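A.B. asks: If you scroll down you'll find the structure; I have some questions about it.
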Amino acid sequence: MNERRGFLTLTGALVTSGLVGCASSPQQSSSGAGVCTAFDKARQDAVSPDQALQMLQEGNTRFVNGRSVNCDLLAQVKATADGQAPFAAVVGCIDSRVPPELVFDQQIGDIFAARIAGNFVNTDIIGSLEFATKLAGAKLIVVLGHTECGAVKGAIDDARLGNLTATLANIRPSVIKIRSVEGPQTSKNKKFVQAVADQNAKDAAAMLTARSEVLRDLVAAGKLKIVSGMHDVATGKITWLT
């Protein structure tokens, strides 16, 4: 009986503090939109590319500080059932430690997420991003790398295994570019690994406008911003590269 009373007391305290369910006054982003409100076309249209970036930066700050907003996800499922209007798209690695929605503290319907080992871009991902931006209205693309990336390490060591060989070949151009880091150019050299990871994220971001006229035109018109970032798997913090 005492255990049950203690549980109810704790649950009541969490609800009051907003840690269970959506707080009565949801945190506000710089755009003035409550983070627990599902994005619709009107909200998406009101967000600029720079505001979209700031919203993700604010979300990562909440995540790192242990202040992620807990919303009613089922309500958001229902709110987005007839359509979606995400404000950003993230190209990330499949690494289980870097789920974009969590590290940016975003909810259902907020961001598109394309994930592939090594967060590189190819025709399929670029086409998906053209859909996410030109057709679906996203204002920002983030290429998100992360520390201790296994795909980057595999590319550095020129690992070969089935179809993974072709996957890692997409990262090799970034490996070749790094020549200024001291020590062996192997996956055991942490500084070299991180330099390649940084270069790979920046190269992928640059490739988007180089290979897509659609994305290039959106950027030129000020309707889209493309950046790259690096997630630290030890701290959760994202450092912005471009």
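The values are calculated or read from the model by the stated rules, or taken from the named source; none is laboratory data. For clarity, every value in this text was computed on a predicted model and none was experimentally measured. Positions of Cβ are backbone-derived with ideal geometry, glycine not excepted, and every protein chain shown enters the neighbour counts.
A.B. asks: Tell me which of these residue 165 doesn't satisfy, since it passes every other one: (1) closer than 19 Å to residue 49 by Cβ; (2) part of a helix (DSSP H, G or I).
C.D. replies: (1) is the only condition that residue 165 fails.
A.B. asks: Suppose the filter is touching a Gly at 6+ places or on another chain (Cβ under 6 Å) and under 26 Å from residue 215 (Cβ atoms); does residue 171 pass it?
C.D. replies: On the way: touching a Gly at 6+ places or on another chain (Cβ under 6 Å): yes; under 26 Å from residue 215 (Cβ atoms): yes.
In short, yes.
A.B. asks: Same structure again: More than 24 Å from residue 204 (Cα to Cα), of a type in the set (S, T, N, Q) and out of contact with any His (no Cβ under 9 Å at 6 or more places or on another chain): is that true of residue 51 in this structure? Break it down stepwise before answering.
C.D. replies: Details: more than 24 Å from residue 204 (Cα to Cα): no; of a type in the set (S, T, N, Q): yes; out of contact with any His (no Cβ under 9 Å at 6 or more places or on another chain): yes.
Spelling it out, it is not the case that residue 51 is more than 24 Å from residue 204 (Cα to Cα), of a type in the set (S, T, N, Q) and out of contact with any His (no Cβ under 9 Å at 6 or more places or on another chain).
A.B. asks: Mind telling me which of the residues 151, 169, 155 ends up being touching a helix residue (DSSP H, G or I) at 6+ places or on another chain (Cβ under 9 Å), closer than 18 Å to residue 96 by Cα and of a type in the set (A, V, I, L, M)?
C.D. replies: Working: 169 fails: closer than 18 Å to residue 96 by Cα; 155 fails: closer than 18 Å to residue 96 by Cα.
After applying the criteria, what remains is 151.
A.B. asks: Something else: Take the conditions farther than 26 Å from residue 211 by Cα, of a type in the set (A, V, I, L, M, F, W, C), in contact with a Ser or Thr (Cβ under 7 Å, 6 or more places away or on another chain) and surrounded by fewer than 16 Cβ atoms within 10 Å (Cβ to Cβ) and apply them to residue 42. Does it pass?
C.D. replies: On the way: farther than 26 Å from residue 211 by Cα: yes; of a type in the set (A, V, I, L, M, F, W, C): yes; in contact with a Ser or Thr (Cβ under 7 Å, 6 or more places away or on another chain): no; surrounded by fewer than 16 Cβ atoms within 10 Å (Cβ to Cβ): yes.
Taking the combined requirement at face value, the residue does not satisfy it.
A.B. asks: In the stretch 221-241, which residues are outside any strand (DSSP E or B) and charged (D, E, K, R)? Even if it seems obvious, please write down each step before you answer.
C.D. replies: First, pick out the residues of the stretch 221-241 that are outside any strand (DSSP E or B): 221-224, 232-237, 241.
Answer for the stretch 221-241, where residues must be outside any strand (DSSP E or B) and charged (D, E, K, R): 223, 232, 237.
A.B. asks: Still on this model: Among the residues in the stretch 129-138, are any aliphatic (A, V, I, L, M), out of contact with any helix residue (DSSP H, G or I) (no Cβ under 9 Å at 6 or more places or on another chain) and under 26 Å from residue 88 (Cβ atoms)? Spell out how you get there, then give the answer.
C.D. replies: First, pick out the residues of the stretch 129-138 that are aliphatic (A, V, I, L, M): 129, 132, 135-136, 138.
After this cut, where a residue has to be out of contact with any helix residue (DSSP H, G or I) (no Cβ under 9 Å at 6 or more places or on another chain) as well, the list is 132, 135.
Going one step further and asking which of them are under 26 Å from residue 88 (Cβ atoms), we end up with 132, 135.
Yes, that holds for at least one residue.
A.B. asks: Taking the stretch 169-199, which residues are of a type in the set (D, E, K, R) and in a loop (DSSP other than H, G, I, E, B)?
C.D. replies: In the first step, residues of the stretch 169-199 are kept if they are of a type in the set (D, E, K, R); the result is 172, 177, 179, 182, 188, 190-191, 198.
Once the filter is applied, which keeps residues that are of a type in the set (D, E, K, R) and in a loop (DSSP other than H, G, I, E, B), the stretch 169-199 yields 179, 182, 188.
A.B. asks: Same structure again: Just to be sure before I move on: is residue 235 surrounded by fewer than 20 Cβ atoms within 10 Å (Cβ to Cβ), modelled with pLDDT of 95 or more and not acidic (Asp, Glu) in the structure I sent? I'd like the intermediate steps shown before the answer.
C.D. replies: On the way: surrounded by fewer than 20 Cβ atoms within 10 Å (Cβ to Cβ): yes; modelled with pLDDT of 95 or more: yes; not acidic (Asp, Glu): yes.
For residue 235, the condition - surrounded by fewer than 20 Cβ atoms within 10 Å (Cβ to Cβ), modelled with pLDDT of 95 or more and not acidic (Asp, Glu) - is met.
A.B. asks: Continuing with this model, one more query. Of all residues in the stretch 210-220, count the ones that are touching a residue at least 12 places away in the same chain (Cβ under 8 Å), under 13 Å from residue 134 (Cβ atoms) and in a helix (DSSP H, G or I).
C.D. replies: Looking only at the stretch 210-220, we keep the residues that are touching a residue at least 12 places away in the same chain (Cβ under 8 Å), and these are 211-212, 214-215, 218.
The next check asks that each one be under 13 Å from residue 134 (Cβ atoms); those that pass are 212, 214-215, 218.
Still in the list and also in a helix (DSSP H, G or I): 214-215, 218.
Within the stretch 210-220, residues that are touching a residue at least 12 places away in the same chain (Cβ under 8 Å), under 13 Å from residue 134 (Cβ atoms) and in a helix (DSSP H, G or I) number 3.
A.B. asks: So in the stretch 37-50, with the set limited to residues that are assigned to a helix (DSSP H, G or I) and in contact (Cβ under 8 Å) with a residue 60 or more places away in the chain, which one is farthest from residue 109 (Cα to Cα)?
C.D. replies: Within the stretch 37-50, the subset assigned to a helix (DSSP H, G or I) is 41-46, 49-50.
So of that shortlist, the ones also in contact (Cβ under 8 Å) with a residue 60 or more places away in the chain come out as 41, 44-45, 49-50.
Working: 41: 11, 44: 11, 45: 14, 49: 17, 50: 19 Å.
Out of the qualifying residues, it is 50.
A.B. asks: A further question on this structure: Condition test on residue 82, is it at pLDDT 95 or above and either among the aliphatic types (A, V, I, L, M) or farther than 22 Å from residue 228 by Cα (or both)?
C.D. replies: On the way: at pLDDT 95 or above: yes; either among the aliphatic types (A, V, I, L, M) or farther than 22 Å from residue 228 by Cα (or both): yes.
Yes; evaluated as a whole, the condition is true for this residue.
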